[in-house]
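A short write-up of the structure that comes next.
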Amino acid sequence: MNHSPATARESLRWGRSQWGSARPRPAAWWHAGPLGALAAVVLGVVFSLIGFDADHRWLAFGVSTLCFTGPALALAWAVVVDRSTIRGAVDRPEESVENIWLDKATQRALYDAFILAGAGAAVLSLTRWEVPGATALMVLAVLIAVDVAARYALARRAG
Amino acid sequence: MQNSVAVRRKDRGWSQHHLADLLGVSRQTVISIEKGRFDPSLPLAFRLAAAFGCRIEDLFEP
């Protein structure tokens, strides 16, 4: 068998960075933290410049940077981390049953999304209810996320 | 698909966690295979057979 799990000394709860030449390499957050923070600030600047007038620019920058910080940190961590150094991580997640459950959940949620979007569009057009596009898309995204989570739980229960 | 994974694992005194580590998959995967609820991929079936020192057809029966 060809897998080489990290030694206990090398593995960390949140893993080590795949960047750098030092051994053992630094914790992933040493690189992901500044990178994620920088990405959040850049996104905050862009968002405040294109979406708001000069009077509200600083407020927009603060709020949007705050909102982007979590996702940007998570994304930076996913890019930076050497997953073989995450404590307890399996070597071949793609061959694990959890991957099958997630595949099933996302496939079925896709069909549900078609039905939801179609039914929602029909209801909105019949009732002539005006809903902003951004709001409708956000609601749809949340419903799909909840649907995937529920279907994953069902697949897990079925084994 | 029926299989003799659980019997062979217990014969060797291995825990499900140990077998999962050997195969590089989650413990839940081993549980699902043993219960016959999850048919492993061909590479995983080969690794299972290698871990038990037998052929795939000795482990699984349709």
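Give me A:Ile115, A:Ile100 sorted ascending by neighbouring Cβ count inside 10 Å, so fewest comes first.
So the residues, fewest neighbours to most, are A:Ile115, A:Ile100.
How about segment A:77-129: which trypsin sites (Lys or Arg not before Pro) there are in a DSSP loop, with at most 15 other Cβ atoms within 10 Å of their Cβ? Walk me through the numbers before you get to the answer.
On the way: sites: A:Arg83, A:Arg87, A:Lys104, A:Arg108, A:Arg128; in loops: A:Arg87, A:Arg128.
Taking segment A:77-129 and a limit of 15 other Cβ atoms within 10 Å, the loop trypsin sites (Lys or Arg not before Pro) found are A:Arg87, A:Arg128.
What size of dipole, in debye to the nearest 20, comes out for segment A:56-159 about its Cα centre when the only charges are +1 on Lys and Arg C-beta atoms and -1 on Asp and Glu C-beta atoms?
Numbers: 10 positive and 9 negative charges, 42 e Å.
For this selection, approximately 200 debye.
In whole Hz and in residue order, list the ³J(HN,Hα) couplings for segment A:107-118 that follow from phi through the Karplus curve 6.51 cos²θ - 1.76 cosθ + 1.60, θ = phi - 60°; x for Gly and Pro.
Rounded to whole hertz, the list is 4, 6, 5, 5, 4, 4, 5, 4, 5, 4, 5, x.
Per residue of chain B, what 222 nm ellipticity follows from adding -39500 (n - 2.57) for every DSSP H run with n ≥ 4, rounded to the nearest 500?
-16000 deg cm²/dmol
So if we plug the beta-carbon distance of A:Leu137 and A:Leu49 into 1/(1 + (r/R0)^6) with R0 = 25 Å, what FRET efficiency do we get, rounded to 0.05?
0.65
Tabulate in residue order the Karplus-calculated ³J(HN,Hα) for segment A:80-97, using 6.51 cos²θ - 1.76 cosθ + 1.60 with θ = phi - 60°, rounded to whole Hz; enter x for Gly and Pro.
My calculation for segment A:80-97 gives 7, 5, 8, 5, 6, 9, 7, 5, x, 6, 7, 6, 10, x, 5, 9, 8, 5 Hz in order.
Taking θ = phi - 60°, what integer Hz values does the Karplus form 6.51 cos²θ - 1.76 cosθ + 1.60 yield along segment A:16-33, in sequence order, with x for Gly and Pro?
10, 6, 8, 9, x, 10, 5, 10, x, 5, x, 4, 4, 5, 4, 9, 5, x
Relative contact order for chain B: what is it in percent, counting Cα pairs under 8 Å that are at least 6 residues apart?
43 percent
Amide H of A:Gly15: which non-local residues (sequence gap of 5 or more, or other chain) have their own amide H closer than 5 Å, using H built in the peptide plane?
A:Arg87
Across the residues of A:92-104, average count of Cβ atoms on other protein chains within 10 Å?
Across the residues of A:92-104, the mean count of other-chain Cβ atoms within 10 Å is 5.
Positive end of the charge dipole of chain A (Lys, Arg +1 and Asp, Glu -1 on Cβ, about the Cα centre): tell me which of A:Leu75, A:Val139, A:Asn99 has its Cα farthest that way.
Of the listed residues, the answer is A:Asn99.
For n ≥ 4 DSSP H runs only, could you compute -39500 (n - 2.57) per run for chain A, divide by its residues and tell me the 222 nm figure to the nearest 500?
It lands at -23500 deg cm²/dmol.
Run the numbers on segment A:1-148 and let me know its relative contact order in percent, using alpha-carbon pairs under 8 Å that are six or more apart.
Relative contact order, segment A:1-148: 26 percent.
So which chymotrypsin sites (Phe, Trp or Tyr not before Pro) in segment A:64-159 pass both tests, a DSSP loop state and at most 12 other Cβ atoms within 10 Å of the Cβ? Each step should come with its number before you reach the end.
Working: sites: A:Phe68, A:Trp77, A:Trp101, A:Tyr111, A:Phe114, A:Trp129, A:Tyr152; in loops: A:Trp129.
Here the chymotrypsin sites (Phe, Trp or Tyr not before Pro) that fit, given the DSSP loop and packing criteria, are A:Trp129.
Just tell me the longest site-free run in chain A, where the sites are GluC sites (Glu not before Pro) in a DSSP loop having at most 16 other beta-carbon atoms within 10 Å.
A:11-129
Once amide H atoms are placed 1.01 Å from N in the peptide plane, what residues at a sequence separation of 5 or more from B:Phe38, or on another chain, have their amide H within under 5 Å of its amide H?
Distant-sequence amide H within range of B:Phe38: B:Ile33.
Rule-based calculations on the coordinates, nothing more; no lab input. Values in this document were obtained by computation on a predicted structure and should not be read as measured data. All Cβ positions, even for glycine, are placed from backbone atoms using ideal geometry, and neighbour counts span all protein chains on display.
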